[in-house]
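The values are calculated or read from the model by the stated rules, or taken from the named source; none is laboratory data. Every value quoted in this text rests on a predicted model; they were computed, and no experiment measured them. Virtual Cβ from ideal backbone geometry, glycine too; neighbours counted across all protein chains shown. The protein model used for the area step is the full one, side chains on, heavy atoms only, and it has no ligands, DNA or RNA in it. Shrake-Rupley method; radii C 1.70, N 1.55, O 1.52, S 1.80 Å.
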Amino acid sequence: MARVVSKTTYSSLLDSVYKLPYRNRVQTLQKLFPKLSVDTLKCVVAQECQRRMKGSHGRLTTSDAIEVLYNRYKNSISMSEEPGILLRLSDENGLTPALLARSIIERHYQKSDKSKPAKLLVSTLLKNTALIDDRDLAFETYLCLLEDDEYGPIAEATKQSIGYEYEIRLRMELEKCQVSFLHEEHLRVKGYDKTPDIKLEIPVAVDGQVINWIESKALFGDEEVHRGYLKDQLYSYWNRFGPGLVIYWFGYVEDLEKIHQNRTILIRDALPINMIFMGQHS
């Protein structure tokens with residue numbers, strides 16, 4: 001399955017993402033883009049959803065908008081509609097299921113002066129829906145958290161787990177290649193604040209470029225994502241350790257390296273098998 005995506009294909013993929021409803025988009029996209037891996041499609045969908053939410057969350061969660069949704073939810077409960085009420089409202093409203101559930105919980109636990117409940121309370125209820133004092137709302141919230149791949153405690157735990165899984169995979173592959181390295185925890189003990197996932201103790205060469213460090217990203221790299229990491233992390237690594245490599249395990253848009261031609265940061269979708277070190281091929 002292809003993981004390095006042409007700009008034309010990526011543009012077409014985004015157009016399709018925008019036109020499809022929030023839930024079950026990946027299944028439809030698999031049919032439209034059969035050459036792209038499921039992991040790549042999931043990542044692109046997740047990242048575009050997060051961008052859309054950043055732009056529309058404030059507008060969709062005003063007190064008036066949530067009051068309307070809460071009243072509709074309560075009315076549906078009183079009419080004994082089948083479970084999945086909040087999911088259907090999510091499809092209609094544009095908020096992801098978990099974000100909608102959070103807003104409904106905030107309204108349900110609204111204080112007498114109409115101020116929102118404590119964030120800690122809301123977070124606790126989302127992590128354990130059995131603590132919600134209304135049985136119907138507890139079940140509706142549970143369904144929303146199960147259906148949301150981008151927001152909520154289940155989604156966050158999954159993303160953290162996947163990120164760590166690929167960091168461990170990178171370490172294991174380097175050990176298999178007999179590459180000597182320090183990982184993030186080692187570097188922090190030494191007093192470094194911003195640290196790459198891997199600092200090579202002996203540099204290697206990849207396609208004629210010397211590599212001193214490796215950063216693992218269990219996501220898809222497009223221009224916006226990559227520019228963000230360059231600003232927040234990668235340029236700092238380059239300034240401190242020299243040229244490096246970032247791995248976008250779920251693929252990336254072609255020609256990303258052109259963004260930083262004056263600073264060598266290679267981009268790959270896996271650990272290169274053509275590394276050269278100590279005068280030997282790995």
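Could you run the Karplus curve 6.51 cos²θ - 1.76 cosθ + 1.60 with θ = phi - 60° over the range 36-50 and give me ³J(HN,Hα) per residue in whole Hz, x for Gly and Pro?
With coefficients 6.51, -1.76 and 1.60, one gets 8, 5, 4, 4, 5, 4, 4, 5, 4, 4, 4, 5, 5, 4, 5 Hz.
For LEU60 and ARG169 in the same chain, what is the full-extension length gain: residue separation times 0.36 nm, less their Cα-Cα distance, in nm?
35.3 nm
If a paramagnetic tag sat 7 Å from the Cα of GLU82 along the Cα-Cβ line, which residues of the range 120-140 would have the backbone N under 16 Å from that point?
Inside the label zone: 140.
Cross-link list LYS159/LYS258; LYS54/LYS114; LYS176/LYS199: which exceed 21 angstrom alpha carbon to alpha carbon?
Pairs exceeding 21 Å: LYS159/LYS258; LYS54/LYS114.
Could you check how much of the accessible area of the chain is carbon and sulfur, as a whole percent, using a 1.4 Å probe?
The C+S portion of the solvent-accessible surface of the chain is 51 percent.
For the chain, what's the relative contact order in percent, using C-alpha pairs closer than 8 Å and at least 6 residues apart?
Computed over the chain, the figure is 17 percent.
Per-residue ellipticity at 222 nm for the chain, helices alone: DSSP H runs ≥ 4 residues times -39500 (n - 2.57), over residue total, nearest 500 deg cm²/dmol?
Result for the chain: -16500 deg cm²/dmol, rounded to the nearest 500.
In the chain, with Lys and Arg counted as +1 and Asp and Glu as -1 at Cβ, which of these residues, LEU200, HIS260, VAL68, has the Cα nearest the positive end of the dipole, that is, farthest along it?
Positive-end residue among those listed: HIS260.
Can you work out ³J(HN,Hα) from phi for every residue in the range 69-75, in order, using Karplus 6.51 cos²θ - 1.76 cosθ + 1.60 and θ = phi - 60°, giving whole Hz and x for Gly and Pro?
Values per residue, Gly and Pro as x: 5, 5, 5, 5, 4, 4, 5 Hz.
Report the far tail of the P(r) of the range 1-156, meaning the percent of Cα-Cα pairs longer than 29 Å.
24
Roughly speaking, what is the centre-to-centre gap between the range 185-241 and the range 81-122 when only Cα atoms are used, to the nearest Å?
Centre-to-centre (Cα) distance: 39 Å.
Suppose accessible area is computed on protein heavy atoms with a 1.4 Å probe; arrange GLU224, GLU173, GLU147 from highest to lowest.
GLU224, GLU147, GLU173
Near the amide H of TYR252, under 5 Å away, which other amide H atoms are found, from residues 5 or more places off or on another chain, if H is placed in the peptide plane?
Counting only residues 5 or more places away or on other chains, the set is VAL4, VAL5, GLY221.
Tell me the relative contact order for the range 180-249 as a rounded percent, counting alpha carbon contacts under 8 Å between residues six or more apart.
Once divided by the residue count of the range 180-249, the mean separation gives 32 percent.
Put a dot 7 Å past each Cα toward the Cβ at LYS114 and LYS74; how far apart are the dots in nm?
1.4
Quick one: helix 97-108 against the long Cα principal axis of the chain, what's the angle to the nearest 10°, folded into 0 to 90?
Relative to the chain, helix 97-108 is tipped by roughly 40 degrees.
Given a cut-off of under 8 Å on Cα pairs at least six residues apart, what relative contact order in percent is computed for the range 1-118?
Once normalised by length, the contact order is 22 percent.
Working out 0.36 nm times the residue gap between ALA157 and SER123, then minus their Cα-Cα distance, what length gain in nm do you get to one decimal?
10.9 nm
Could you give me the ³J(HN,Hα) list for the range 144-157, computed from phi with Karplus coefficients 6.51, -1.76, 1.60 and θ = phi - 60°, whole Hz, x at Gly and Pro?
5, 5, 5, 8, 9, 8, 10, 10, x, x, 5, 4, 5, 5
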